[in-house]
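Participant: Can you read through this structure? Questions will come right after.
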Amino acid sequence: MKIGIVQTRPVPGDVAANLAHHQRWAGLAVERGVDLLVFPELSITGYEPSLAGELAMTKDDIRLEGLQRMSDRYGMYVGIGAPIRAEEGVMIGMVILRPDEERMLYAKQYLHADELPFFVPGKEQVFLSLDDNKIALSICYELSVPEHSVNAYSHRANIYLSSVAKSAAGVEKALEILTGIACTYSMTVLMANAVGDCADGLCAGGSMVVNDEGEVLAVLDEAEEGMLIYDTVTRTAAKPVEVLNRV
């Protein structure tokens, strides 16, 4: 199985532009045989908590139909970040588009203190079981909460996949934590971050793949968009640099 993580530069608040960009990345991922493609936290709105109430949607929003058709046609799972409207309030969600199946939703269970005025927490962990791999989903701050990775391990996940929106300081801290998770629980770890403007200043990229021994296999830079692809069979990660001129 091939897992792709995309480092995007969202246009703050512009759902249409960001979704179109997601579809271009999805097309490039299809060309490279990606089976699961994951974008950063709140990727279709940008990390803009103050706009979340206005921009919130449901997992079945019709605007996701373009990506859903690509998922159905090419058999690729796609995870996008979006503010999700629920009865209790707005959640930070990852919508999983599945080929010819109902969409799944993972909602961030552990919120940072700065997020509490804008969001409510999700209630349960979600796992993806694909090609003999059990993938634990994580959204940003959750990777810093030990209970989250412990729960992933207790459910026998072998891959820990985190969708984030982090500053340079946050990326540096995340690298230390994620290599620790990889070594402690023998899990391969992937992190998809954004670049460019966000509510907290600048997202600083550094999207990465870390193997289950804590070795960084591949990492993107702090300023440019890009994609990393991890092959679960060969246990290698690649950075297809030519895609940068095509999005």
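Participant: Using only helices, what value at 222 nm comes out for the chain when you add -39,500 (n - 2.57) per DSSP H run of length 4 or more and divide by the total residues, to the nearest 500 deg cm²/dmol?
Facilitator: Only helices count here, giving -7000 deg cm²/dmol.
Participant: Rounded to the nearest percent, how much of the accessible area of segment 22-160 (1.4 Å probe, protein heavy atoms only) is carbon and sulfur?
Facilitator: Heavy-atom surface of segment 22-160 belonging to carbon and sulfur, 1.4 Å probe: 47 percent.
Participant: Run the quick spin-label model on Asp231 and Val150: label points 7 Å from Cα toward the beta carbon, then report their separation in nm to one decimal.
Facilitator: For the pair Asp231/Val150, the computed spacing is 3.8 nm.
Participant: Still on this structure: Any idea how many Lys pairs in the chain come in under 15 angstrom at the alpha carbon, given 8 or more places apart or on separate chains?
Facilitator: So the count of such lysine pairs works out to 4.
Participant: Related question: Rounded, prolate or oblate: which fits segment 34-79, taking a ≥ b ≥ c as square roots of the Cα gyration tensor eigenvalues, rounded meaning a/c under 1.5, else prolate when a/b beats b/c?
Facilitator: oblate
Participant: Follow-up. Val126's amide H: which non-local residues (gap 5+, or another chain) put their own amide H closer than 5 Å, with H modeled 1.01 Å from N in plane and none for Pro or chain starts?
Facilitator: Result for Val126 returns Leu137.
Participant: Under 1.5 on a/c is rounded, so check that first for segment 168-216, then, if it is not, pick prolate when a/b is larger than b/c and oblate when it is not; a ≥ b ≥ c are the square roots of the alpha carbon gyration tensor eigenvalues.
Facilitator: prolate
Participant: Rolling a 1.4 angstrom probe over the protein heavy atoms, how many square angstrom per residue are accessible across the chain?
Facilitator: Accessible surface, normalised per residue, equals 42 Å².
Participant: From the Cα gyration tensor of the chain, with a ≥ b ≥ c the square roots of its eigenvalues, which class applies: rounded if a/c is under 1.5, or else prolate if a/b is larger than b/c, or else oblate?
Facilitator: Note, shape of the chain comes out rounded.
Participant: Amide H of Ala218: which non-local residues (sequence gap of 5 or more, or other chain) have their own amide H closer than 5 Å, using H built in the peptide plane?
Facilitator: Placed amide hydrogens put Val209 under 5 Å from Ala218.
Participant: Pop out the ³J(HN,Hα) list for segment 35-40 in order, Karplus 6.51 cos²θ - 1.76 cosθ + 1.60 with θ = phi - 60°, rounded to Hz; leave Gly and Pro as x.
Facilitator: Couplings: 9, 9, 10, 10, 9, x Hz.
The values are calculated or read from the model by the stated rules, or taken from the named source; none is laboratory data. Because the structure is a prediction, the values reported are computed rather than measured. All Cβ positions, even for glycine, are placed from backbone atoms using ideal geometry, and neighbour counts span all protein chains on display. These accessible areas exclude ligands, DNA and RNA; they are computed on the full protein's heavy atoms, side chains included. Shrake-Rupley method; radii C 1.70, N 1.55, O 1.52, S 1.80 Å.
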